[in-house]
Amino acid sequence: MIKCFLLFFFLFFRVEFTNGQSVPEIGFINQYEQVIQWYPEINTGSHYIEKRRSLDGHPYYSSSTMENGTLSIAGFIFENIPIQYEIWDDLILSFSSTFKQKMILNHSKIDYIVLNDGTVIIKKSQPEGFIFHQNGFYREIVNGHIGLYCKHRKQRKQETSTLGLVRSYEEVQKYFFEMNGALIAVPAKRRIFSLLEIDKRTTKRRLRKDGLRFRKNREAYLKTLVNLANEQGKNE
């Protein structure tokens, strides 16, 4: 069945390839929902229902609004489609105009998505010992010889206020270096410099100059270290 689909696919849609990636034409992009219907492995067949409406906030990355972005599935790139990243269950969602509902995309077929603001959410292999890997989506911060990625997830937060018990979503972030193709949890601050093989004294001068501190500006701090390590690697 898949062979028949692929034959039909290439007869009806012309896709240009650049640097090993597919760049679909407008006619192809407009057929996105039909491709999902013809190729059901792309779709889980499940409509997404937000189950925890009693909690304050929302279960999505950044915004509760679904906006257009880019989706890469099995090397094929679909642009300007509705896309959303749900970080409670680590799901990639799109919208079915036929059923007027959000639908869950098959995470095993997705390479990456690019949100409307340029944020890249990419599929990665599970880091050793990390129990919150779920479907394996991580936000890409630095893509280089040494990479920097962040796992976003949401959990239930419960606190007491003058109005009574308040239950809400709380976002948790975990940072990882990518070294030799594997994600490694960012260790304690004292071990980072030796792990990245960068000079501690010189690097700290740069961090002070930029006004960056590990606890207050963690992402910018780590990004600076990774960029310095990559620059050093190019000069060696």
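Leaving out ligands and nucleic acids, and using a 1.4 Å probe, what accessible area per residue does the stretch 127-236 come to in Å²?
Computed with neighbouring chains in place, this is 63 Å² per residue.
Given a 1.4 Å probe and every protein chain left where it sits, what share in percent of the accessible area of the stretch 66-116 is carbon and sulfur?
Percent of accessible area from carbon and sulfur atoms in the stretch 66-116: 50.
Output the peptides 68-76, 123-131 sorted from most to least packed, where packing is the average of other Cβ atoms within 10 Å over each peptide's residues.
Packing proxy ranking, top to bottom: 68-76, 123-131.
Counting only the backbone N, which residues of the stretch 70-86 are under 17 Å from the spot 7 Å out from the Cα of Ser96 toward its beta-carbon?
Residues passing the 17 Å test: 82-84.
For the pair Arg191 and Glu50, what calculated FRET efficiency results from E = 1/(1 + (r/R0)^6), where r is the Cβ-Cβ distance and R0 = 35 Å, to the nearest 0.05?
The computed FRET efficiency comes out at 0.30.
Taking only C-alpha pairs under 8 Å that are 6+ residues apart, what is the relative contact order of the stretch 135-184 in percent?
34
Mind running the shape call on the stretch 130-196? Use the C-alpha gyration tensor, a ≥ b ≥ c as the square roots of the eigenvalues: rounded below 1.5 for a/c, prolate if a/b tops b/c, oblate otherwise. Spell out each step's value before the answer.
On the way: a/c = 3.51, a/b = 2.26, b/c = 1.56.
Because a/c hits 1.5 or more and a/b exceeds b/c, the stretch 130-196 counts as prolate.
For a test of the definition: using alpha carbon positions, the gyration tensor, and the 1.5 limit on a/c, classify the stretch 48-113 as rounded, prolate or oblate. Intermediate values should be presented prior to the final figure.
On the way: a/c = 1.90, a/b = 1.64, b/c = 1.16.
In terms of gyration-tensor shape, prolate.
Would the stretch 52-162 count as rounded, prolate or oblate if I go by the C-alpha gyration tensor, calling it rounded below 1.5 in a/c and otherwise prolate when a/b exceeds b/c, oblate otherwise? Display every interim value, and only then the final one.
On the way: a/c = 1.83, a/b = 1.13, b/c = 1.62.
Oblate shape, in that a/c is at least 1.5 and b/c is the bigger or equal ratio.
Kindly flag which residue pairs out of Lys102/Lys216; Lys51/Lys223; Lys157/Lys204; Lys124/Lys223; Lys51/Lys151 have an alpha-carbon separation exceeding 27 Å in this structure. Walk me through the numbers before you get to the answer.
Details: Lys102/Lys216 36 Å; Lys51/Lys223 35 Å; Lys157/Lys204 36 Å; Lys124/Lys223 19 Å; Lys51/Lys151 22 Å.
Long pairs (Cα-Cα over 27 Å): Lys102/Lys216; Lys51/Lys223; Lys157/Lys204.
Pulled fully out, how much extra length does the chain show between Asp89 and Arg201, if you take 0.36 nm times their separation in residues and subtract their Cα-Cα distance?
So the extension gain works out to 36.2 nm.
Across all directions of projection, what mean area in square nanometres is found for the Cα convex hull of the stretch 101-219? Each step should come with its number before you reach the end.
Details: hull surface 46.1 nm².
With every direction weighted equally, the projected area is 11.5 nm².
The values are calculated or read from the model by the stated rules, or taken from the named source; none is laboratory data. Model, not experiment: these values are computed from the prediction. So basically every Cβ, Gly included, is an ideal-geometry build from the backbone, and we count neighbours across all protein chains shown. Each accessible area value is taken on the protein alone, full model and side chains, heavy atoms only, with ligands, DNA and RNA left out. Shrake-Rupley method; radii C 1.70, N 1.55, O 1.52, S 1.80 Å.
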